[in-house]
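Data block below; observations after.
We did not get these values from a lab; they are worked out from the coordinates using the rules stated. Only a predicted model underlies this, so the values are computations on that prediction, with no experimental measurement involved. Cβ: placed from backbone, ideal geometry, glycine included. Neighbour counts: every protein chain shown.
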Amino acid sequence: MVDIPRGPTPPQIIPDTVPPDYMPPPAEVKEVELYHAHSWITKYVFCQDAKIIALQYAGTALAIGFVALVLSWLMRLQLGFPGLLAFIDVNVYYQFITIHGMVMVIYLITAIFLGGFGNYLIPLMLGARDMAFPYLNMLSYWVYLLAVLMLVASFFAPGGPTGAGWTLYPPQAILSGTPGGQQSGILLMLISLILFVAGFTMGGLNYVVTVLQGRTRGMTLMRMPLTVWGIFTATVMALLAFPALFVACVMMLFDRLLGTSFFMPSLVEMGQHLKYGGGSPILFQHLFWFFGHPEVYIVALPAFGIVSDLISTHARKNIFGYRMMVWAIIAIGALSFVVWAHHMYVSGMNPAFGFFFAVTTLIIAIPTAIKVYNWVLTLWRGNIHLTIPMLFAIGFIVTFVNGGLTGLFLGNVVVDVPLSDTMFVVAHFHMVMGVAPILVIFGAIYHWYPKITGRMMNEAMGQVHFWVTFAGAYLIFFPMHYLGLLGVPRRYYEMGETAFVPPSAHTLNEFITVMALIVGAAQILFVFNLLWSLRYGRDAGPNPWQATTLEWQTPQTPPGHGNWGKELPAVYRWAYDYSVPGAPEDFIPQNQPPQRAATQASLQPAPGE
Amino acid sequence: MKIVVLLLLIAVGSVLFHLVSPWYWTPIASNWEYIDHTITITFWITGVVFTAIVLFVAYCVYRFRYKPEQRAHYEPENRRLEGWLTLVTAIGVVAMLAPGLIVWHQFVTVPKDASAFEVVGQQWQWSYRYPGKDGKLGAADIKHITDENPLGLIAEDPHGQDDVIIQGDDLKVPLGKPVKVLLRSVDVLHDFYVPEFRSKMDMIPGMVTYFWFTPTRTGTFDVLCAELCGQGHAYMRSKVVVVPEAEFHAWLDQQPTFAQLQQTAPAKIRQAAK
């Protein structure tokens, strides 16, 4: 037997409605081949424990996320107060928007949801000791870190990072009219993305195998918390979608370095005939969006799952329509692979595609709407605790509904024609895949911080953080739609003189910039709170939110190596037994056997822990 | 309870902002008012849904906020309710999609009597080309581009000789006549974008893309590039002037043809070099 930390002995279970000689089968205990760290380095640096890997992923993602935040400040300063900062010239501006977008979508949000929350929660929520392949899991993080460092390195390379926009559309991405196009910026970007996909694939295989094979006894698929469903489905999607990005990056790298012409037709650049010929720029767009659209749901589905659990736990009510929620996640995941070209309605592809992609895109609105209904119906007749996680969940509903509805404009092919490539698109995708998932990330951090550290985050700082972030982000992105409706194009270093943009629109731009500075500053308070509460936070106990899912039932808080005591937990019920009629308390943990057998003692921290 | 107030403010404030703020689309100058109608329908449907959901959340938070003696209702599923909501959503989606697809059909069906002209994008300027008296644009290819022949017209094609090329000047289009805009690029992606026309399309090196519209009022409008094309993207500007048909033809007749330009171009270039 390996040296797994022992928790308290489970209380003897004597159900009162079954024969007295009945004993529930013992939770399966097997020899577990876990790697046991013995030194500080193997415990905290080259660590194979999914919980530490989760923190490494999340810490790195938040760190690079702060770079993206600063970049957003700088680009907003240019838009609101052109010329205020002399060093932001055209090149620098395009470099900032490119790296901001790339970091936010891939290196922050994707990484923190799958690498961060996925690693922490999948084994704990499913009653596993660790991921299926801990070594590969460790490797996944280090390759991800390498990808991040390559991206950072491009800031220090000659010519700086690429300024091709986060979509990296060729031919401009590898030509001299674009910052970094003929220098090392685009090369480092492509290599970094290739590394990211490789690293993610290592982690992603782990998450999928662990969900399918690592569940503890009794944890059927239809008893899994929606958090796991969301992360699992998103991971499957990412494993199918990222290869498209991977090949697109490899081909563009060849075009740039070896002179191939995958994406490069014959062209004349600044009067010079280039040697390229025969390639298709649209092919890149198809590959990019075959990845890029599922990517939207790769960040949305984990958010959907997590927010379902936040709402249910803090409203003390079962999630409404659990089975429908699961099927909606799967339907969205599947449909999201046949909508990619709605990003290309005005790309010049055959216009007949528009009919097909508009239909599929609007169909996807139906399962998405079902999820929204079920969240708000979970609030109906609940007993709503307005905790910080709950506030963020409400903020998510509002911003997600707003951003989802503007998606109906852009998905409806002919409506997209005037709006595409304008600030309306920028406002839409920030609301739906920026603000909304990030509010969930915040809510989730406030929710699970007590399990990760054993301490509560400071409530007062959390309140300020929520109010400024939610109200501020709404004030930034809601009015921004109307700039796009006016016709203001995106990716403009400055608007200059036009007949159709009234001077008042510039006042709006200044307002948006000021709000962006304030919202950004509130995130500094959040980081301070993360650190401050580590030391001074209120003691949390094992289950401060009185939640049902397994991660709150661990013998130790924070959970030790191997997560569980000698025995793995056995699961007897779904994840949402809140306020069950007749039950003495308003929640029943998943590992509590039927007929209310556990004693009160099992729910309290054992003495000495 | 502050959150309830904030939710009410968001619901009411968003609707008020939409109705009274000075920022809305610029007056249309083409036949695509159908697109504006579809946007209006979509605003109505999505606006009602957004307001309803935010107000519902506000009511729930107010009515079912935590009270120590209160217990949440236990109801895992309600098939009837879920079925109804799905049906209503589907109807709403069809109400937006159906007009959208009908208008898209019009958008991609170019009228037979549409007259064609060409827009060529390059870093970072616009060029325009009209067919000459023969009514046909001559063939062109990127391989044929030289300093004297910036749009790459193929000299062997007789249709191209009388084409009119406009560089560094405004585009002119006739009022009330459907026009098909043929789009080419010689280097990277661009996008010919005139907000008042509501229509736009990317231009791609190696391909000819298109869209069509009918100008419905005279005036001068901004031409912008709507697809990121490098450092000069925001400065790739031009103007389009919608003029009565007679005036348009009078103007076009005065412009030198490609053949005429080819004769004078070398001289001009020699001059510029000095």
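Along its three principal directions, the equivalent ellipsoid of the protein assembly as shown from the Cα gyration tensor extends over semi-axes of 55, 29, 23 Å, largest first. The mean number of partner chain beta-carbon atoms within 10 angstrom of a residue's beta-carbon across peptide A:164-172 is 4. Placing dummy labels 7 Å off each Cα toward the beta-carbon, the span from A:Val247 to A:Glu497 is 5.0 nm.
Close amide H pairs (under 5 Å, H built 1.01 Å from N) link B:Lys180 with B:Ser115, B:Ala116, B:Phe117, residues at least 5 positions away or on another chain. Look at the Cα gyration tensor of the stretch A:523-575: its axes a ≥ b ≥ c give a/c of at least 1.5 with a/b over b/c, and that counts as prolate. Using R0 = 41 Å, the C-beta based FRET efficiency linking B:Asp147 and B:His249 works out to 0.85. By the beta-carbon count within 10 Å of each Cβ, the least crowded to most crowded order of A:Ser308, B:Ser21, A:Ser184, B:Ser185, fewest first, is B:Ser21, A:Ser184, A:Ser308, B:Ser185. Derived scalar couplings between HN and Hα for the stretch A:472-483 equal x, 5, 5, 5, 6, 8, 5, x, 4, 4, 6, 4 Hz in order, rounded to whole Hz, by the Karplus curve 6.51 cos²θ - 1.76 cosθ + 1.60 (θ = phi - 60°), x for Gly and Pro. Across the stretch A:484-489, computed HN-Hα scalar couplings (Karplus, 6.51 cos²θ - 1.76 cosθ + 1.60, θ = phi - 60°) run x, 4, 4, x, 5, x Hz from first to last residue, x flagging Gly and Pro.
Modelled this way, with points 7 Å down the Cα-to-C-beta line, the labels at A:Ala583 and A:Val209 are 3.5 nm from one another. Would you mind checking B:Lys133/B:Lys200; B:Lys136/B:Lys177; A:Lys275/B:Lys180 for any pair whose Cα atoms are more than 24 angstrom apart? Over 24 Å Cα-Cα: B:Lys133/B:Lys200; A:Lys275/B:Lys180. In this structure, the amide hydrogen of B:Val243, modeled 1.01 Å from its nitrogen in the peptide plane, lies closer than 5 angstrom to those of B:Val173, B:Leu175, counting only residues at least 5 positions away or on a different chain.
Taking the number of Cβ atoms within 10 Å of each Cβ as an exposure proxy, the fewest-first ranking of A:Phe511, A:Phe284 is A:Phe511, A:Phe284. DSSP assigns beta bridges within chain B; of those with both partners inside it, close to 70 percent run antiparallel. Of A:Ile330, B:Ile165, the sequence from fewest to most neighbouring Cβ atoms within 10 angstrom is A:Ile330, B:Ile165. The mean number of Cβ atoms from other chains found within 10 Å of a Cβ in peptide A:358-365 is 4, as a whole number. DSSP beta bridges confined to the protein assembly as shown are antiparallel in about 70 percent of cases. The protection proxy used here, the mean number of other Cβ atoms lying within 10 Å of each residue, ranks peptides B:207-220, A:153-166, A:196-209 as follows, highest first: A:196-209, A:153-166, B:207-220. What is the helix-to-structure angle for B:2-20, meaning the angle in degrees between its Cα long axis and the longest Cα principal axis of chain B, kept from 0 to 90 and rounded to the nearest 10? Around 40 degrees separate the two axes.
Relative to the compact-globule estimate of 2.2 N^0.38 Å, the Cα radius of gyration of the stretch B:115-273 comes out at 1.00. From the residues A:Val148, A:Tyr169, A:Asn137, which one has its Cα farthest along the dipole of chain A in the positive direction, the dipole being from +1 and -1 charges on Cβ of Lys/Arg and Asp/Glu about the Cα centre? Positive-end residue among those listed: A:Asn137.
Annotation: amide H-H contacts under 5 Å for B:Glu227 (H modelled 1.01 Å from N, sequence separation of 5 or more, or interchain): B:Asp191. Given a Förster distance of 25 angstrom, what is the FRET efficiency for A:Leu145 paired with A:Leu283, based on the Cβ-Cβ distance and rounded to 0.05? For A:Leu145 and A:Leu283, the calculated efficiency is 0.20.
Against chain A, whose longest principal axis is taken from its Cα atoms, helix A:226-257 shows a tilt of about 30°.
Computed over chain A, relative contact order equals 18 percent, with contacts defined as Cα pairs under 8 Å that lie 6+ residues apart. Peptide B:92-104 shows a mean partner chain C-beta count of 6 within 10 Å per residue C-beta. Here the 3J(HN,Hα) profile of the stretch B:82-87, calculated from phi with Karplus coefficients 6.51, -1.76 and 1.60 at θ = phi - 60°, is 4, x, 4, 4, 4, 4 Hz, Gly and Pro shown as x.
By the compact-protein rule of thumb, 2.2 N^0.38 Å, the alpha-carbon radius of gyration of chain B corresponds to a ratio of 1.44. Rounded to the nearest 10 degrees, the inclination of helix A:50-80 to the longest alpha-carbon principal axis of chain A is 30 degrees.
DSSP bridge analysis restricted to the stretch B:115-273 gives an antiparallel fraction near 70%, rounded to the nearest 5. The helix-only estimate of mean residue ellipticity at 222 nm for the protein assembly as shown, built from DSSP H runs of length n ≥ 4 each weighted as -39500 (n - 2.57), is -17000 deg cm²/dmol after division by the residue total. Enter the Cα centre distance for the pair the stretch A:238-276 and the stretch A:446-462, rounded to the nearest angstrom. Cα centroid to Cα centroid, the span is 47 Å. Here the gap between B:Tyr59 and B:Leu19, fully extended at 0.36 nm per residue and compared with their Cα-Cα distance, gives a gain of 12.0 nm.
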